[in-house]
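The values are calculated or read from the model by the stated rules, or taken from the named source; none is laboratory data. Quick caveat, the model's predicted, so the values are computed rather than measured. As a convention, Cβ positions derive from the backbone with ideal geometry for all residues, glycine included, and neighbour counts pool all protein chains shown. Accessible surface is based on the protein model in full, side chains and every heavy atom, while ligands, DNA and RNA are left aside. Shrake-Rupley method; radii C 1.70, N 1.55, O 1.52, S 1.80 Å.
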Amino acid sequence: MKELTSYNRVAGYLNKVFDLLNAEFFENALSRPTITIQSTPRAYGHFSLREDTWVSKLGGTHEINIGAGTLARPIEDVAATLLHEMVHYYNYENGIQDCSRGNTYHNRRFKAAAEAHGLIVEHSDKYGWSHTSPSDELLDFILENGLTDILISRNEFAGFHITGTGTHSGAEGTTPTRTSSTRKYICPCCGNSVRATKEVHIACLDCSAPMVLAG
Ligand SMILES: [Zn+2]
């Protein structure tokens with residue numbers, strides 16, 4: 001397989017991984033949503049509850065998003081994120097309300113469904129049973145299907161910002177620009193720190209913990 005170094009190839013690949021996961025863990029019960037790659041600084045992914053998030057003359061679809069800035073994590077982690085969002089999709093289709101508190105707190109129904117579909121689930125006080133990681137079954141599945149890492153992601157490092165404009169195009173619209181740093185965020189688990197030029201919602205990828213503003 002060609003290396004996953006282009007956006008278009010990755011977009012197609014995510015659809016392929018969805019189809020494989022759908023067959024393996026859901027008996028192909030899920031119809032394809034629109035799978036997007038957008039920036040989601042507060043999460044690795046999301047599932048949209050609306051059936052008409054994307055619309056065409058053929059009808060509407062839900063959306064599953066995979067965060068653009070964290071695409072290049074190990075494939076087992078990206079697959080676990082995709083599977084996590086597919087569990088939300090499955091629960092929605094089956095009338096199972098799996099979140100509360102403004103759809104951020106993952107309840108026991110989410111935990112049960114996630115564990116039944118290839119994920120290991122851990123609890124956090126703020127987000128409930130939201131932290132998921134790949135089970136041995138999912139790891140085996142990834143090896144058996146020869147799934148490889150995605151080798152491209154959107155540059156969203158703190159301290160950089162990507163300028164853009166809707167009115168004209170040009171190199172200056174797409175070049176990451178370093179700007180002055182004014183705020184420091186720290187991971188309460190491991191102490192990793194980053195700087196940002198404005199208030200941001202950011203998580204430590206080592207710990208999956210929200211980072212907190214220091215000082
Ligand atoms: Zn979730």
Taking the range 70-111 and keeping only residues that are out of contact with any Ser or Thr (no Cβ under 9 Å at 6 or more places or on another chain) and aromatic (F, W, Y), one is left with Y89, Y90, Y92
Among the residues of the range 14-39, the number that are part of a loop (DSSP other than H, G, I, E, B) and open to solvent by less than 30 Å² (accessible area, probe 1.4 Å) is 3
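Residues are listed down the side, and each one gets a yes or a no for (1) within 13 Å of the ligand (Cβ to nearest atom); (2) in a helix (DSSP H, G or I):
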residue: I64; (1), (2): yes, no
residue: G69; (1), (2): no, yes
residue: E76; (1), (2): no, yes
residue: A80; (1), (2): yes, yes
residue: H84; (1), (2): yes, yes
residue: V87; (1), (2): yes, yes
residue: Y90; (1), (2): yes, yes
residue: N103; (1), (2): yes, no
residue: F110; (1), (2): yes, yes
Among residues of the range 43-62 being polar (S, T, N, Q) and not in a strand (DSSP E or B), the residue farthest from the ligand (Cβ to nearest atom) is T53
In the range 117-174, residues that are open to solvent by less than 70 Å² (accessible area, probe 1.4 Å), assigned to a helix (DSSP H, G or I) and modelled with pLDDT under 90 total 1
